[in-house]
Amino acid sequence: MPTQLECRQGDIANQPDMDAVVNAANAELRPGGGVAGALHRAAGPELDRACRPLAPIAPGQAVITEAFGLPNRHVIHCLGPVYGRDKPEAELLAACYRNALSLAEQHGISSLAFPALSAGAFGYPLEEATRIALTTVSETLPQCPGIERVRFVLFDADSTEVFQRTL
Ligand code: AR6
């Protein structure tokens with residue numbers, strides 16, 4: 001059965017039907033703002049403690065932890081590139097999606113929700129970030145037979161519309 005790929009408006013910290021959610025992390029894997037702030041707030045301080053021995057991570061890298069107070073089994077933390085600073089940024093952003101899917105596959109995760117990595121504080125233009133996200137996930141999924149559902153969770157109506165149109 002082909003993997004279901006969907007996008008919807010919502011909060012990445014409130015995706016109870018997904019095995020895992022992806023964090024738009026900072027290099028130190030600390031709470032921070034945006035997606036990272038929302039996930040750490042909902043998960044509680046144990047997530048911060050679990051992250052410490054795994055930090056720092058490099059742009060494009062992904063690491064996995066338990067999800068603690070979140071309604072999921074795991075959190076996969078990705079460090080996206082800072083637009084205009086970390087080069088080659090398109091390749092680093094694609095690497096985040098590939099590495100997250102590969103970790104999910106290794107851990108028996110069958111459903112996974114992504115935010116729009118790098119498209120907030122890290123300044124990646126949304127249309128370009130959307131194209132990279134959807135292309136990379138579509139191209140990588142055939143190598144991940146255990147993953148049945150991938151959801152993109154967008155915070156506002158405008159980015160949801162861009163994802164839906166691109167999808
Ligand atoms: N659910 C879904 N999407 C969200 C949520 C949420 N709760 N909150 C924000 N977004 P960002 P980045 C959207 O900044 O660009 C942090 O401070 C947001 O509108 O979270 O990778 C970290 O500590 C945007 O479209 O991630 C890092 O330092 C997208 O998610 C840095 O920001 C990503 O926004 C990472 O920056």
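The values are calculated or read from the model by the stated rules, or taken from the named source; none is laboratory data. From a predicted model like this one, the values you see are computed outputs, not experimental measurements. Backbone-built Cβ (ideal geometry, glycine too); neighbour counts: all protein chains shown.
Table: residues versus (1) modelled with pLDDT of 95 or more; (2) crowded, with 19+ Cβ neighbours inside 10 Å; (3) within 6 Å of the ligand (Cβ to nearest atom).
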{"position": "MET1", "(1), (2), (3)": "no, no, no"}
{"position": "CYS7", "(1), (2), (3)": "yes, yes, no"}
{"position": "ILE12", "(1), (2), (3)": "yes, yes, yes"}
{"position": "MET18", "(1), (2), (3)": "yes, yes, no"}
{"position": "ALA24", "(1), (2), (3)": "yes, yes, yes"}
{"position": "LEU29", "(1), (2), (3)": "yes, yes, no"}
{"position": "GLY32", "(1), (2), (3)": "no, no, yes"}
{"position": "GLY37", "(1), (2), (3)": "yes, no, no"}
{"position": "ARG41", "(1), (2), (3)": "yes, no, no"}
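Which residues, taken from segment 136-158, are of a type in the set (Ser, Thr, Tyr) and either touching a residue at least 60 places away in the same chain (Cβ under 8 Å) or assigned to a loop (DSSP other than H, G, I, E, B) (or both)?
SER138
In segment 136-167, of all residues being more than 16 Å from the ligand (Cβ to nearest atom) and of a type in the set (S, T, N, Q), the one that is farthest from LEU5 (Cα to Cα) corresponds to GLN143. Every test in (1) more than 14 Å from the ligand (Cβ to nearest atom); (2) buried (at least 19 other Cβ atoms within 10 Å of the Cβ); (3) more than 21 Å from THR136 (Cα to Cα) is passed by PRO45 save one, and that test is (2).
The rows are residues; the columns are (1) out of contact with any helix residue (DSSP H, G or I) (no Cβ under 7 Å at 6 or more places or on another chain); (2) in a strand (DSSP E or B).
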residue: HIS40; (1), (2): no, no
residue: GLY60; (1), (2): no, no
residue: THR65; (1), (2): no, yes
residue: PRO71; (1), (2): yes, no
residue: LEU93; (1), (2): no, no
residue: ARG98; (1), (2): no, no
residue: LEU117; (1), (2): no, no
residue: LEU134; (1), (2): no, no
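Taking the criterion of being surrounded by fewer than 19 Cβ atoms within 10 Å (Cβ to Cβ), of a type in the set (A, V, I, L, M, F, W, C), modelled with pLDDT of 95 or more and within 18 Å of LEU101 (Cα to Cα), would at least one residue in segment 139-158 satisfy it? Yes: segment 139-158 contains one or more residues that are surrounded by fewer than 19 Cβ atoms within 10 Å (Cβ to Cβ), of a type in the set (A, V, I, L, M, F, W, C), modelled with pLDDT of 95 or more and within 18 Å of LEU101 (Cα to Cα). Checked against (1) within 14 Å of the ligand (Cβ to nearest atom); (2) surrounded by 15 or more Cβ atoms within 10 Å (Cβ to Cβ); (3) farther than 21 Å from GLN9 by Cα; (4) not β-branched (Val, Ile, Thr), PRO56 passes all but a single condition, namely (2). Note on segment 95-133: among residues that are among the small types (Gly, Ala, Ser) and away from the ligand (no atom under 14 Å from the Cβ), the one that is nearest to ILE64 (Cα to Cα) is ALA104.
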